[in-house]
Amino acid sequence: MIQIAICDDSEVTLQHLNQAVTTILQSNQEVADITLYSNSKNLSYDIKEGHFFDLILTDIEMPHMNGMELAATIRTHLPGALIIFITAYTKYALDAFELSAFRYIDKEMIPEKLPTAIKDAFRILHMQADQYYLLSNTRMYRKLLLKDILYISREGKNSVFHLTNQTEVKERKSLNPVMEGLNSSDFVFADRGIIVNLIHIVSIQDTTIELDNGEFLPASLARIKELKLLLQKIWRNSL
């Protein structure tokens, strides 16, 4: 189910947005879990602790942590989340653009702009539904966009997901069931201890793989031929 967070330091505005979003979802026959936050630091903390949200609606001018600071946290920990800024101030529009905000809505325009924004967000989220890996451990349940996964390595009984935002997430699961869960031809074993995302490979030299973030990974001789053939296919299709 799609997860939505709404954050505003005004309890009146928070409840108004909750009712507005609920009504929009009902009119479009959509279902979602909505979590309300009157304190942006609490939302930031939950995100850092592993809470997942697909869509986040937030004010900008808030005490403790403003919406721009909150968005920076979101981008670090939930790079695939869609952010809708809802504010009475237009001076932050450029900053919102730089943080890849999905929409920027003036509070005076909520009735006119919010329904379309929510509908467009859900259209994108439905399109991405099969592009996630569902990760779970004792601390979190999280969806990882496949394109945000650079590679997965084995660490004891854990699989470590290395992400494009330079963070790592562990799952207590061996690589074989992880590979099944990925269910994507973009992922392949580079050797017995590494699954690599082909879309992030920029070159293969001997038995060394170079990724687009500058990292280098080892590959086994037995896998090199398969890796090169798969890469050629991907690169041809991208032309």
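The values are calculated or read from the model by the stated rules, or taken from the named source; none is laboratory data. Keep in mind that this is a model prediction, so the values were computed, not measured. Reconstructed Cβ throughout: ideal geometry from the backbone, glycine too, with neighbour counts over all protein chains shown.
Results for (1) in contact (Cβ under 8 Å) with a residue 40 or more places away in the chain; (2) among the charged types (D, E, K, R), shown as yes or no for each residue.
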residue	(1), (2)
107	yes, yes
119	yes, yes
129	no, no
135	no, no
155	no, yes
159	no, no
167	yes, no
179	no, no
**Set 234, 224: member being surrounded by fewer than 18 Cβ atoms within 10 Å (Cβ to Cβ) and touching a helix residue (DSSP H, G or I) at 6+ places or on another chain (Cβ under 7 Å)** = 234
**Message:** Restricting to segment 201-224, count the residues that are outside any strand (DSSP E or B) and either at positive phi or small (Gly, Ala, Ser) (or both).
**Reply:** 5
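Residue-by-condition table, conditions (1) surrounded by fewer than 18 Cβ atoms within 10 Å (Cβ to Cβ); (2) of a type outside the set (A, V, I, L, M, F, W, C); (3) touching a His at 6+ places or on another chain (Cβ under 7 Å):
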position	(1), (2), (3)
19	yes, yes, no
39	yes, yes, yes
52	no, no, no
57	no, no, no
**Request:** Using the structure shown, decide if residue 173 is out of contact with any strand residue (DSSP E or B) (no Cβ under 8 Å at 6 or more places or on another chain) and basic (Lys, Arg).
**Result:** no
**Request:** Just give me the residues in segment 47-64 being assigned to a loop (DSSP other than H, G, I, E, B), within 25 Å of residue 144 (Cβ to Cβ) and either of a type in the set (Val, Ile, Thr) or at pLDDT below 90 (or both), in sequence order.
**Result:** 49, 50, 51, 52
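For every residue, the table says whether it meets (1) of a type outside the set (A, V, I, L, M, F, W, C); (2) under 22 Å from residue 115 (Cα atoms); (3) assigned to a loop (DSSP other than H, G, I, E, B).
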{"residue": "16", "(1), (2), (3)": "yes, yes, no"}
{"residue": "30", "(1), (2), (3)": "yes, yes, yes"}
{"residue": "36", "(1), (2), (3)": "no, yes, no"}
{"residue": "45", "(1), (2), (3)": "yes, no, no"}
{"residue": "69", "(1), (2), (3)": "yes, no, no"}
